[in-house]
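Peer 1: One structure follows; several queries about it will come next.
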Amino acid sequence: MPESSEFPVTINAPNGPVTIETQPKNIVSLSPTSTEVLFAVGAGPQVVAVDNQSNYPTDAPITDLTGFEPNLEAIAGYGADLVVVMYDPGDVIDGLEAIGIPVIMHAAATSLDETYTQIEQIGAATGHIEESDRLVASMKTEIDLAIASTDGGGATYYHEVSPDLYSVTSSTFAGALYTMLGLDNIADAADPDGYGYPQLSAEHVLAEDPALIFLADTKCCGQDAGTVARRPGWDSLAAIQDGAVAELDDDIASRWGPRVVDFVAAIADAVARLQNA
């Protein structure tokens, strides 16, 4: 792989300035979202190992590595010259940097702007600046088009993270996307402490009677429109009556990388189906 003329480069990551002397050839990703970003900007051939939760794209070199309890020796064993993590359990970053391996920590984004910044930083760190710039521009265009063509009109919705009724509020990354599309979150009133991920009661959901239901627990927990309709009393909900239950891909709905475009599109499609019903 040709050496990029952009090196050395310093990335102002959340964990501080990270200097990468030469274009990395053995990247290890311990974050599913960062794995998606790496491949989306064209750095896939440089990735030698990803954690056991990085299931996309399908050709990512998945291993037994985990981002929850990273093994420094195992990471170093891949000849890592750049590691990307989502958070720092213990002193992992210090340990890797002590043996000369630069680490970029990209925690869960709280806004689209943070997503774009992370993509641009990965692009710069791997020698794919132009590709990352094109990706960000494309994402912005597609999301802007979805927003411009969709007006939720204040319709209420319920976003389900798990069958025990954990949800997200408008203050979260996912919740903010719904707000951008003009929807009103029934979980907001049930989160007085501003946690962002409240557990709702069935009584609350039934009383709020959301016009739309979005299921982000289809893969993990086998939920779909049918299982929701069979819950006691839920068959009377407007969303069930109108067929306005959107079955999401759990991973797309919980990550903040390039496929957030698909998440926004899924929300827009559900709104359009409701309005055209």
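Peer 1: Which of the helices in the chain, when you take each full DSSP H run, stretch at least 18 Å along the axis at their Cα atoms and have an average Kyte-Doolittle score of 0.0 or higher?
Peer 2: 129-149, 260-276
Peer 1: For the pair A176/A202, report the inter-label distance in nm, with labels modelled 7 Å from Cα in the Cβ direction.
Peer 2: Once both label points are built, they end up 3.5 nm from each other.
Peer 1: Expressed as cubic angstrom per residue, what is the convex hull volume of the alpha carbon set of segment 135-234?
Peer 2: It comes to 115 Å³ per residue, whole-number rounded.
Peer 1: Helix-only mean residue ellipticity at 222 nm, the chain, DSSP H runs n ≥ 4 weighted -39,500 (n - 2.57), per residue, nearest 500. What is it?
Peer 2: -11000 deg cm²/dmol
Peer 1: Another question, then. Given a 1.4 Å probe, how much area per residue of the chain is accessible, in Å²?
Peer 2: 44
Peer 1: Determine the relative contact order of segment 145-217: mean sequence separation of Cα pairs under 8 Å and six or more apart, normalised by residue count, in whole percent.
Peer 2: In percent, rounded to a whole number, it is 42.
Peer 1: Quick one: net charge of A137's neighbours, Cβ under 13 Å, K/R +1, D/E -1?
Peer 2: Value of the local net charge: -4.
Peer 1: With a 1.4 Å probe and every protein chain kept in, tell me what percent of the accessible surface of segment 142-239 is carbon plus sulfur.
Peer 2: Carbon with sulfur: 53 percent of the solvent-accessible area.
Peer 1: For segment 13-115, what D do you get in µm² per second when you plug the Kirkwood radius from alpha-carbon pairs into Stokes-Einstein at 37 °C and 0.692 mPa s?
Peer 2: It diffuses with D of about 243 µm²/s by this estimate.
The values are calculated or read from the model by the stated rules, or taken from the named source; none is laboratory data. Remember, predicted model here, so these are calculated numbers, not experimental data. Glycine gets a Cβ as well: all are built from the backbone with ideal geometry, and neighbour counts include every protein chain shown. What goes into the accessible areas is simple: the full protein's heavy atoms, side chains included, and nothing from ligands, DNA or RNA. Shrake-Rupley method; radii C 1.70, N 1.55, O 1.52, S 1.80 Å.
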